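The structure under discussion appears below in the form of structure tokens.
What follows is calculated from the coordinates using simple rules that are stated; it is not laboratory data. Everything quoted here is computed from the prediction, not taken from an experiment. Cβ sites come from the backbone with ideal geometry, for glycine too, and all protein chains shown count toward neighbours.
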Amino acid sequence: MVRYESVLESIGATPLIRLTRVTEGLRPRIYVKAEGQNPGGGVKDRAALSMLRQAEIDGSLRPGGTVVEATSGNTGIGLALVAAHLGYRTVIFTSSQIAEEKRAQIRAYGAEIRLVDAFVPRDHPDSLRSRAQQFVAETPGAWLAGQYDNPANPAAHRATTGPEIWADTDGRVTHFVATVGTGGTISGTGRFLKTVSDGGVQVFGAEPATSAYGGGDGSQKYIEGAGHFVHPQATVDDWPQSLDTSVIDAYVGIEDQEAIDAIRHLARTEGILAGGSSGIALAAALRIAQNLDKHHTIVVLLPDSGRTYLSTYFNETWLNINGFTRTTDASTTVGARVSPVRFVTATDSVPQATQRLTSQGAGEQDVILVRHHRDGDRPSPHPSDVLGWTTVGELRAASNVTGDLRTVGAAFGAGLTITDPYVTAWDAAGDDLAVVLESGRVTGVVARKDLDR
Ligand SMILES: Cc1ncc(COP(=O)(O)O)c(C=O)c1O
């Protein structure tokens, strides 16, 4: 048995576990590094400890100080637990979109949560990061961990995660697969493994298919933590300094549905309960394994435990609401006529949009959704990219309006309820129109008057 003199010593040294069920038919050995077994339940405990210790060393955090961070959750958990042990106050800025379990855990360590709901570009004064920075500027003794640009984040993985993988595979690892959020995990671990193997280990960045790192359109995704989202109105797109892109040999893009399916399958066949970003990493590894042979050893880093997501990826209601329950035909579950949806782009002018829709044969009363402009050819947008709705008739009536659809958008319907295929929440909201989501993407619309009751 291992004995630790404090909880901080128990961070890291997570197990490597061989997969034997989900790997059926694949030749390489595949091991997962189960970061969910850290004391806070995720890989971020390592970065949190490293950043906080470094801040103590360089004097930016002093006794009586306040630890502050903007985070999608796990770094907040790590910082809250380390700070609780060391006696610092902690204030975490996060959004209501993250799993409730993470917020509850942060509070359990005695940390304060400031919820920021604004959906705005990163450099906007109301963004998560701006609000955290503002708080630090106004609070004496406050220190912003700043995981996106803090060198102590990747350094944690160079010093611990990488050496652990090398030692635990007896130097046999040939492929390393990890998700990319701040980039700390993959940059530090990947750099160590490449150095120690003299370039022998290949490093794969597993990503949501929409993530901008690997060339996706930057739109939102459902899996927390991994990937790089770009707000549709962002004028600058800064990538984190924690990310060393030169370490990554290739990116593998995974759709939300595939990631969710992967962790559900992992739990049911291997008995390993892992989070959503683990699903991205695992799905990518299984794809990579198809082209490898029995001499290869893949290590897949699973960033956190599935226990944090029992109300989301492992919850039937959540899956239904967001369209992740596979159905053969949305109209059979909605119980109404589901119309295929037509889109116009917010940056189109009114005449441009009207002309395009007319040439596509759209009828006067057809519902048209206005979506943010994004490069790329994804046919169905994430709901956060849908601004509102209108009809061809309404557009025609507004033909004298100058400016693009974004500036006049408020003149149109602009009311929309994202609802589940069973239309439960919709009734309560009282809206006339709802979108239908399939695998989390808007694929159709349904009108209340068409409900089959
Ligand atoms: C659940 C989860 N998975 C993966 C990542 C990505 O790790 P990193 O920031 O080290 O790239 C994060 C980061 O926030 C995360 O919260």
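Which residues' amide hydrogens lie under 5 Å from the amide hydrogen of GLY227, considering only partners 5 or more residues apart or on another chain, with H built in the peptide plane?
When sequence neighbours closer than 5 places are left aside, the close amide H contacts are VAL180, GLY181.
Using the Karplus equation 6.51 cos²θ - 1.76 cosθ + 1.60 (θ = phi - 60°), what ³J(HN,Hα) coupling, rounded to whole Hz, does each residue of the range 247-264 give in order, writing x for Gly and Pro?
Running phi through 6.51 cos²θ - 1.76 cosθ + 1.60 with θ = phi - 60° gives 7, 8, 6, 7, 9, 10, x, 10, 6, 3, 4, 5, 5, 5, 4, 5, 6, 5 Hz.
Grab the Cα-Cα distance for ALA397 and SER6, subtract it from 0.36 nm times how many residues apart they are, and report the gain in nm with one decimal.
Details: separation 391, 0.36 × 391 = 140.76 nm, distance 6.97 nm.
Full extension from ALA397 to SER6 adds 133.8 nm.
Want the number for ILE57 to SER359: 0.36 nm per residue separation, take away the alpha-carbon distance, what's left?
Working: separation 302, 0.36 × 302 = 108.72 nm, distance 6.60 nm.
The span from ILE57 to SER359 would gain 102.1 nm if fully extended.
Taking the 0 to 90 degree range and rounding to the nearest ten, how far is the long axis of helix 184-196 tilted relative to the main principal axis of the chain, both from C-alpha atoms?
Rounded to the nearest ten degrees, it is 50.
Under 14 Å from the Cβ of THR23, count the other residues' Cβ atoms, weight Lys and Arg +1, Asp and Glu -1, and hand me the total. Numbers along the way, then the final one.
Details: positive: ARG18, ARG21, ARG27, ARG29, ARG287, LYS294; negative: GLU24, GLU270, ASP293.
Its environment carries a net charge of +3.
Amide H of THR66: which non-local residues (sequence gap of 5 or more, or other chain) have their own amide H closer than 5 Å, using H built in the peptide plane?
The answer is ALA142, TRP143.
Below 8 Å, C-alpha to C-alpha, sequence gap of six or more: please give me the relative contact order for the range 176-269 in percent. Write out the running numbers ahead of the final one.
Details: 145 pairs, mean separation 32.1, N = 94.
Averaging sequence separation for qualifying contacts and normalising by length gives 34 percent for the range 176-269.
When a footprinting reagent is the concern and you count Cβ atoms within 10 Å, what order do TRP166, TRP239 take, fewest first?
Numbers: TRP166 20, TRP239 13.
Ordered from fewest to most neighbouring Cβ atoms within 10 Å, TRP166, TRP239 come out as TRP239, TRP166.
Would you kindly state how much longer the chain becomes between HIS265 and ASP249 on full extension, computed as 0.36 nm times their sequence separation minus their alpha carbon distance, in nm to one decimal? List each step's numbers first, then the result.
Details: separation 16, 0.36 × 16 = 5.76 nm, distance 2.76 nm.
Full extension of this stretch gives 3.0 nm more.
Relative to the longest principal axis of the chain, what angle (0 to 90°, nearest 10) does the C-alpha long axis of helix 44-58 take?
Here the helix axis deviates by roughly 60 degrees.
Amide H to amide H, which residues 5 or more places from ASN150 or on other chains are under 5 Å from it, using H placed in the peptide plane?
SER242
Provide the per-residue ³J(HN,Hα) series for the range 270-278, in order, calculated from phi with Karplus coefficients 6.51, -1.76, 1.60 and θ = phi - 60°, each as a whole number of Hz, with x at glycine and proline positions.
9, x, 10, 9, 10, x, x, 5, 4
If you take all C-alpha pairs in the range 44-144, what percent of them are over 20 Å apart? Could you put the intermediate results ahead of the total?
Numbers: 1659 of 5050 pairs.
Pairs farther apart than 20 Å: 33 percent.
Separation of the range 366-408 and the range 1-40 by C-alpha centroid, Å?
Taking the Cα centre of each part, the range 366-408 and the range 1-40 sit 47 Å apart.
Compute the relative contact order of the chain as a whole-number percentage, counting only Cα pairs closer than 8 Å that sit 6 or more residues apart in sequence. Walk me through the intermediate numbers first.
Working: 948 pairs, mean separation 63.3, N = 453.
Answer for the chain is 14 percent.
What does the charge add up to near ARG107, with Lys and Arg as +1, Asp and Glu as -1, over the other residues with Cβ less than 13 Å from its Cβ?
Numbers: positive: LYS102, ARG103, ARG114; negative: GLU100, GLU101, GLU112.
After counting each charged neighbour, the total is 0.
Highest mean first, what order results for 2-13, 269-280, 127-138 on Cβ atoms within 10 Å?
Working: 2-13: 13.3, 269-280: 25.3, 127-138: 16.9.
Listed from highest to lowest mean packing, they are 269-280, 127-138, 2-13.
Calculate for the chain the 222 nm mean residue ellipticity that helices alone would give, adding -39,500 (n - 2.57) per DSSP H run of length 4 or more and normalising by residue count, nearest 500 deg cm²/dmol.
Details: 15 runs with 139 residues, N = 453.
Taking each H run of at least 4 residues, the total per residue is -9000 deg cm²/dmol.
Which of the peptides 340-353, 281-294 is most tightly packed, and how do the rest follow, going by the mean number of other Cβ atoms within 10 Å of each residue?
281-294, 340-353
Sorting HIS295, HIS231, HIS85, HIS157 on the 10 Å Cβ count, fewest up front, what's the list?
Fewest-to-most ranking of HIS295, HIS231, HIS85, HIS157: HIS295, HIS85, HIS231, HIS157.
Quickly work out the HIS373-to-ASP237 label distance, labels modelled 7 Å from Cα along the C-beta direction, and quote it in nm with one decimal.
A separation of 1.4 nm, rounded to one decimal place.
Roughly how many whole Å is it from the C-alpha centroid of the range 71-123 to that of the range 162-211?
A separation of 27 Å, based on Cα centres.
Among all the lysines, which ones have a C-alpha under 26 Å from LYS33's C-alpha, if same-chain residues fewer than 8 places away are not counted?
Straight-line reach from LYS33, under 26 Å: LYS44, LYS102, LYS194, LYS221, LYS294.
Per residue of the range 2-13, what does 6.51 cos²θ - 1.76 cosθ + 1.60 with θ = phi - 60° give for ³J(HN,Hα)? Whole Hz please, x for Gly and Pro, Karplus curve as stated.
9, 10, 10, 8, 7, 4, 5, 5, 7, 6, x, 6
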